[in-house]
Each structure stands twice: as structure tokens, then as C-alpha cells.
Amino acid sequence: MTTTIRPTKKKGLHRRDFFRVSALAGGGMLIATYIPELEGKLSGLSGRARADFMPNAFIKITPEGVITIVSKNPEIGQGIKTHLPMIIADELDVDWKDVHIEQADFNPEAYGSQGAGGSTATPINWTPLRQAGAVGRAMMITAAAQTWSVPEPECTTGHGAVMHASSNRRMTYGQLANKAATLTGPAANTVKLKDPKDYHIIGTRVPGVDNHKIVTGQPLFGIDFTMPGMLCAVIEKCAVFGGKVVSANLDEIKREPGVKHAFVIEPGPVARDGLLSSVAILADTWWQANSARKKLKVQWDEGPMVTHSSAGYEAKSVELSQQPAQRNLRKDGDFEAALAGASNKVEAAYFYPFLSHAPLEPQNTTALFKDGKVELWSATQQPNGGRGLVTRTLGIENSDVTIHIMRAGGGFGRRLTNDYMVEAAAIAKMVPGTPVKLIWTREDDIQHDFYRPAGWHYFSGGVDAAGKVVAWRDHFVSFGEGNGFSNSASIGATEFPARFIRNYMLDASVMPSDVPMGAMRAPGSNGIAFAVQGYIDELAHAAGKDPVQFRRDLLSQWQADPPAPAAEGGRGGRGGGRGGGPQFDAARMRGVLDLAAEKANWGKTTLPQGTGMGVAFHFSHRGHFAEVVQATVTKAGTVTVDKVWMAGDIGSQIVNLSHAENQAQGGVIEGVSHALGQEITIDKGRVVQTNFNNYPLLRMRQSFPVETHFLKTDNDPTGLGEPMLPPVIPALCNAIHAATGKRVRTLPLSKNDLKWG
Amino acid sequence: MAVTFNLNGKSTTVDVAADTPLLWILRDTLNYKGTKFGCGVGQCGACTVHVNGAAIRSCQRLASTLDGVDVKTVEGLSTDGTHALQQAWEELDVPQCGYCQAGQLMSAAALLERNANPTDRDIDNAMNGNICRCATYIRIRAGIKRAAEIKRGTVTPSNPGGRPEDTSDGSPRRLLEPSR
């Protein structure tokens, strides 16, 4: 990524102006809050000779001393709008209180990659953004040194100013901005970065930059965006995946109150992830559009998926498990011979269901198509993918698409897929010149997701007389065709415990399905960890060993050479994944395992009957995490999580202590939410669940304390969006086993009879 | 139909279909975007507002039942963030994505109106209808307790941990406002 390109000029109205216009249209209530003090300052300056200091796309310092830092990535609740500017501001050596944060529009030429996915923001940006700040600081020193005619090394910085101690001179960055703007900056990789002990923003607790707007209810999210003359849209797709519109009672719908347009949308050139055959209704208000939709009668051609069901997939999985695997992904040693010689053998079949992301803000996008170009206001995790989808579908060029990245009410991977964005763009193209806001219902969201794929693991293995694992086979049954897995339905050949067991086999068989699948927070890992760490617990039990000690032994018994980074397979950012980075490291995992066990007082507490502790660890997204769950199961089988102890190693530096803790606790609780009762089932080619009444998310009454502990190690900082989630699910299931003697091999827990006593 | 009700203390008249939910009157007719749409069936609590002082789901409250009622939305807690809950939320950095938080705040505000010192069980009961998909429940719980302290006057709100100290003139300043 280059750090010397300036942002391209924005065409037409700035997003801020739209907000202001919309506030006026709304009766003036919000005007005051939407013309910030900053704008007043700037507007009084027009015509005066001035130069803003913009050493790169991320920093702007005006001669009046207004410091603006641009946050380039989509904010989906992961705290990135605070996190990335913190990194820049620290190296720039300004005070956080003096910094204004601005959300970037999509402009990869200026900003480099702009996405939210794979816990990649920290590993990708940690060095370049520190360099971006340091370049700005270095140029300020040069400007001051030249102004004062003193050697640069005699100058220091602090609180947004350059100081020359021996002559007792000080100039603020604002005072130096005009001068600095005339300089050519040093190459980013030549600037000296701070010693971590000198950080004054990185490694502190900094609250989210949008918190004040959130708690005072100011418009902020994609769904809040509005424009004069805007119409609201709803869209109806076939409940059966792949179904197509044959006909619809459009004339009747057009007579409904407030309805301005109703039309059939033809499918676009991109299958599944793209524009689907559907019906759009546009009205003055969303409620009018949605009310008209209730009278919509569509005749569908439901297509071939109508024969698919979760029950059918289950039956097919059993059939595949009893046949030779379609292919082998890894083979170490001689599994069959080792199993034959094992003193204790364990066979177990694990299953996890489809899941829906269900971010709380329903999918939406506002689009304006005019003169062959489209402007979009969208909460998206992957604007680049959205632009590609829109250009291919509408037959326009990249330069014809403007995307304003809106704050997202949750992402979790759902908004990596931009189907709702292309829908809005296609609808807007039908009514050129009229802005259209498309909002899905919750039912649309749950029934038209890109689901966390269901998966099956058929394990067999054994331990020797000393309790050591001598043989392991996992026949993984998943979705896909031929040698390909469906999106996020894969497993990697280095997935633990590969490399740690001498006689190891990983096999895979797949079945085809057109159920849309996609990445969900810790993709792959969020299911695989449940199966692998549950089965490890079963082996520990067979070996008669303590589950923590058994895992310590497994981490140290044998280790094959790590693969070359390029060999790391599978989608979803497990292992090295996107952006490269560290592989599974036994010493780091041992570190977090020991820390979690220590904090939970593992093995040192006497728990009442019905209460138990379970442990699990997992490596994903470059992070090593171990978690201990204490859970209580009533005799009637109701599960309560009492507490979770989390230990994570994401390298040498936590950037924002406050959000890291919040994020880690939320991810752990989300994992428990998956386990308790979440399941998407398919019947007759469509999703059975409709809303939160039958797709339950964890609520306040079920919440529990989560102790978060970070083990700082001498490794580059990596991401925290995902790796805390996977281990909590098996740790909970292992705790249930400790409490009741019942082994959970099928999720969600609500499908298990956990009565005891 | 024309309906007149008090919105955050101001008499407000709208002309909408009788079956229009209060949620959409607020968001689309009146451009009050603080109240959020999450599920449309009263399951998630994102649309929670107060009607005559009680926390209700505005997606389930129709226009035909609004004549003469008092409606309070998150914008009516305070416009400057000085309500004890708003202060506590900022101080403890409660939000992640933030989408549910208006509803959380309104349920919590109704709780604190009737219970100055809520227990964990009180919080469980009052807040169970509000889903936080990011699962910030630990901080929501802490935020309610903190707000109760602020409201009772047993402590004064402080700067959030780690937030840089006040400006040199000593006046507290909104430190983290983005510039747009």
C-alpha cells in the first residue's frame, strides 16, 4: 500500500451535505447536531491563502490546527473506526482529544484495502498505519527545523507540536502546516517508529468514536440514511433457493396506498451471490411498501432445490460416512495399524447445523442511479466486492460507482456478500434520478442469508496404555462438488491436531447443495473446533487423564514440520490464511492453555453435582485461544453458563484495551449463543426459521461473566474479531460432560436430552 | 388518519394509515432515526420507546392507539448525552456495533425510573426483551448499575478510563466527535 497518494476529489454532494439536507427535510430538529463546530471553522476560511498538510490519504492538518484522521475500513462493531486512527495518531504524536475522525468513502486507490473480514485489519495495517503517522511527524520536524534553522535531531514532538529544547521554541502542527505542505515526505519504510514504551494512545482504553451519536440517537447507520425525494423499497424473492418469478399481481400492487412502482427484477449475471429473480415494490414510506407486499401474489417456478432438506443432508452424510472417503486431505503414518494396536478406541460422530448471521440491522442500501452512474450508501464489509457485483450486473464501469461506507449494525460475515447492495442498485436503475432505500425485513434476512455451512465429522481413533493418542481419523462430510468445497465449508490439511499425531488421517466427502453458504465469524473454525475439541475430550476420558493435562501432552508429544506458508489451504482465514502470518504454534497454545487453567483455578475447586468445568483451545485467524467454561445443568436438563475464563495470544500489543475486552467478551457470549439453540433447518428447499422467536439469540438473562486475559508475546499484533469464538463452544460441551456425564455431539444443545440424576 | 401525541414533550400530529406502527411514524414520517428496526415482531427490543412512561416495542404499537399519549424516544432522554444512562454508556464504552443500544437505553431508563437500585435479577427481568447481537450484555449490566450510582448522586461521572484528560482550560470537552 502506498501512503503518498491523496484522496481523489469527491464528485457531487458530500455525504455530510446529504445528512444536512435530510435533517432540514425532517423539520430542522437535527440541524444543530449535524453542523459540527469544525465546519463553522472551515467555512469562515474560504478565499484565504492556506494549505492543508496532507502527507497521505489518512491525515489532514489545517493551519488552524484541526487534525483529521481518516478511518478507511468499514465499522461493523469491531471498533475499527477508533482502532486504526489510534495507531496513526500515536505515531503522529498528537493528543487523541484533538483528533477528528472521518469515515472514508470507498477509494482503494487512496486507502489500499478497505474491508472488514478475516480479523485482518491489525495484521495488514499495523505497520503501514504506524508509518503513515510517523511520516507526518517526520515532516513536521523537518518543517520546524527548517523554520528555526536547527538540526532535525535536536527537535522533539509531543501533544501535536514540535519543540526545540535548547532554544525553548515550540510550534504546533497547525502553525507548521503551511510549511509542511510544501515538503516532500520521506519514504514510509525509512521513518523511525516509536518504541512501544512511548505509546500514549496505543495500549490504552479509548471509547468508540461514535458512542456519543449512538447514545443520543443521531442518524449513523446505513438504515438511517435519507435523501429528499427518496422512495423506500422492499423486495420479494422465492423462498426456495434458486426459484424464479413466473408472474405477479403487479397491477393490483400498484394501486396500494403510497406505492409508486412495482416490477419484476430479472436475475443478474452472478449466480447465488448476485441479483436474484424477484419482485420490487417502491412506495413513499417503507411501511407502505411493506404493507403492499403483504398483498403480493407471485407465481414461482421453485426449481430443483425444492427436493432438498436438512433431513436429506443428514441421511446423505450417514451414507457418505459409511463409504470410502471421496478424497484424502492428509495422511501421516499408518492409521489402521496404529488403531489396531490402541488400548482404548473411541468412535464418535459430530454434527453442527447451518447458522444465520442475523446482524441486528436488517440489510439495506440506498442507491441513486443517474446519467449511467450509481451512488450507493451501504453498510458493507466488502465494498470492493460490492462494486464488482454492481458493475457486472448493471453493465457499468468501476468509475461509474461511488460507495459511501455506512456504519453497520453488525456484520459477522453477512455483509461480506453484497446481494442487498446490488438489489438496491438494480432497483434504482429502474427509476433513474430517484433515490431508493431498500430495507429487508428480518424474515428476508433469516431466509436469504449465506449460511454457516452445516458439517459432520466422523472420528475414529485411540490411545495407548500410557494414555497417549496413537491414531486419529476424521472423515469430514461437507458440501461441495468434486474437489471443491462450498464457501466456508472446507477444512485445512494443517487443522489441529494434524502434525501432532503420528498416525493421522483427514478425509473428506462432499454433497452438492445450492443453499447459499458463506463466512460467519471464525468461518470453518466455529464448527470444526466444536468437533475436534469435543473428540479430544473423549480421548482424554478414554485415557483416564485430566482434560487440561491431556491437551498439554498432546501439544508436546510429537510435532511434524510446519508447512510452507503457501501450502496453507482452505478458505476462511484459518491458519496463516489471508495476509500470511503465524501458523499454529504449540508453545503459544501451551501458554494460553496454562493461563486459562490457572485463572479458572482448574482442578482445584470442588464443584457440586450438576456443575462442571470444561476446557478447549483453538487456533484461528492467527490467534491462539484457550477457554474454560463452568456450566451448571439442572436435573431437568437446563444449561446455565456460570462463567468463562478466556486466555488469548494475539501478539505483543493490544491496541485498544477497552474494545478488546468488549469484543472478546461479546465473541465468547456469541459462541454460547450458537450452542444453546441456534439452528437453521432446510425443508422443501427453503429455510424453516423466520425471526428471533424461532431463531433465538442469547439474551440478558442467559448472559454470564467472561474474564478476558491476554498473554503478550513477542509476535506481531494480530486480529481479535474472531479467534475468541470457536473454543467456547467445545469448552461448554466439555463442561456439560463434566457436570452430567453426557457427551454433546450434536448442536445446538436444545436437541440434546441433558436430564440427569 | 390524523393522530396527535406528545413526542419528547412536544405536541406532534401525523397523518398516516391507522395500522402504521409507531416505529415507522418515528423513522419515516418524523425522521427520528434513533429508534431502530430489528425484527418487526416485538422480539428484539431495538425499537423500544416509552409510551406513557412504560417501555414498549414501537413496532407493535399502531397509530390508531396513539392519540393523546406521551412518547419518549432515545432523542428525548437528552439531546446532549447528559442522562445518567447516556453518561454511563459513554464512560464504560458499552457499544460495539451500537445498533441495539437505543432500545437498551430506553428499557434501562424505564427500569431506573421505578427502581433506583436494581439487582442483577431486576436487570435480567427488565432487559431480557432487548437482544444485543454483539453480546455487550456484561457492559449493559455494568452501565445500568453505574447509571444508578450517577442518578443517586453517590458518585460523579468520570472520564472513561484512559480517555485523555480534559482540555487545558479545565472545561470538560467532547473528546471523540468525528468531524462529519
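We did not get these values from a lab; they are worked out from the coordinates using the rules stated. Since the structure is predicted, the reported quantities are computational estimates derived from the model, not experimental observations. In this analysis, Cβ positions are derived from the backbone assuming ideal geometry, glycine residues included, and neighbour counts consider all displayed protein chains.
Couple of notes before you dig in:
- Taking chain B and dividing mean pair separation by its residue count, relative contact order in percent (alpha carbons under 8 Å, at least six apart): 21 percent
- Taking label points 7 Å from Cα along the Cα-to-Cβ direction, residue A:481 and residue A:607 give a separation of 4.6 nm.
- Residue A:314/residue B:122 FRET efficiency (R0 51 Å; Cβ-Cβ; nearest 0.05): 0.75
- MRE, 222 nm, helices only [DSSP H, n ≥ 4, -39500 (n - 2.57), over chain B, to nearest 500]: -8000 deg cm²/dmol
- Shape class for segment B:84-152, computed from the alpha carbon gyration tensor (a ≥ b ≥ c): oblate, with a/c not under 1.5 and a/b at or below b/c.
- Dipole of segment B:2-76, positive direction: furthest Cα of B:46, B:65, B:8, with charges on the beta-carbon: B:46
- Intensity falloff of the protein assembly as shown expressed as log10 I(q)/I(0), Debye formula with alpha-carbon point scatterers, at q = 0.07, 0.09, 0.10 Å⁻¹: -0.58, -0.98, -1.20
- Extending 7 Å from the Cα toward the beta-carbon at both residue A:430 and residue A:598 defines two label points whose distance is 6.2 nm.
- Looking at the protein assembly as shown, the DSSP beta bridges with both ends there are about 75 percent antiparallel.
- Cβ-based charge dipole, the protein assembly as shown, positive-most Cα from A:728, A:427, A:756: A:427
- Taking 7 Å steps out from each Cα toward its Cβ at residue A:337 and residue A:51 produces label points 7.6 nm apart.
- Length gained on full extension, residue A:546 to residue A:371, computed as 0.36 nm times the residue gap minus the Cα-Cα distance: 56.1 nm.
- Candidates per chymotrypsin sites (Phe, Trp or Tyr not before Pro) in segment A:678-757, loop by DSSP, up to 10 other Cβ within 10 Å: none
- Spatial separation of Cα centroids for segment A:59-98 and segment A:262-308, in angstrom: 42 Å
- Length gained when the stretch residue A:109-residue A:693 is fully extended (0.36 nm per residue, less Cα-Cα span): 205.8 nm
- With a cut-off of 18 Å on the backbone N, the residues of segment B:18-35 near the modelled label site 7 Å out from residue B:54 along Cα-Cβ are B:22-23.
- Here the dipole of chain A is about 840 debye; that uses its Cα centre as origin and unit charges on the Cβ of Lys and Arg (positive) and Asp and Glu (negative).
- Computed about its Cα centre, the charge dipole of segment B:2-76 is approximately 260 debye, with only Lys, Arg, Asp and Glu carrying charge at their Cβ.
- Once the C-beta distance of residue A:652 and residue A:187 is scaled by a Förster radius of 41 Å, the resulting FRET efficiency is 0.95 to the nearest 0.05.
- Span-rule helices in chain B, defined as complete DSSP H runs reaching 18 Å or more along the axis (Cα) with Kyte mean at least -0.5: B:101-114, B:137-152
- About the Cα centre, charge dipole magnitude for segment A:620-697 (Lys/Arg +1, Asp/Glu -1 at Cβ), debye: 220 debye
- Three-way shape label, segment A:161-319, alpha-carbon gyration tensor, a/c 1.5: prolate
- Pairwise centroid distance, computed over Cα atoms, of segment A:475-518 with segment A:442-463, Å: 12 Å
- Whole-angstrom gap from segment A:589-617 to segment A:109-155, using each part's C-alpha centre: 43 Å
- Length-normalised contact order of chain A in % [C-alpha pairs under 8 Å, at least 6 apart]: 13 percent
- Our summary gives segment B:2-76 a relative contact order of 40 percent, counting only alpha carbon pairs under 8 angstrom and 6 or more residues apart.
- Other residues whose C-beta falls under 13 angstrom from the C-beta of residue A:320 contribute a net charge of -1, scoring Lys and Arg +1 and Asp and Glu -1.
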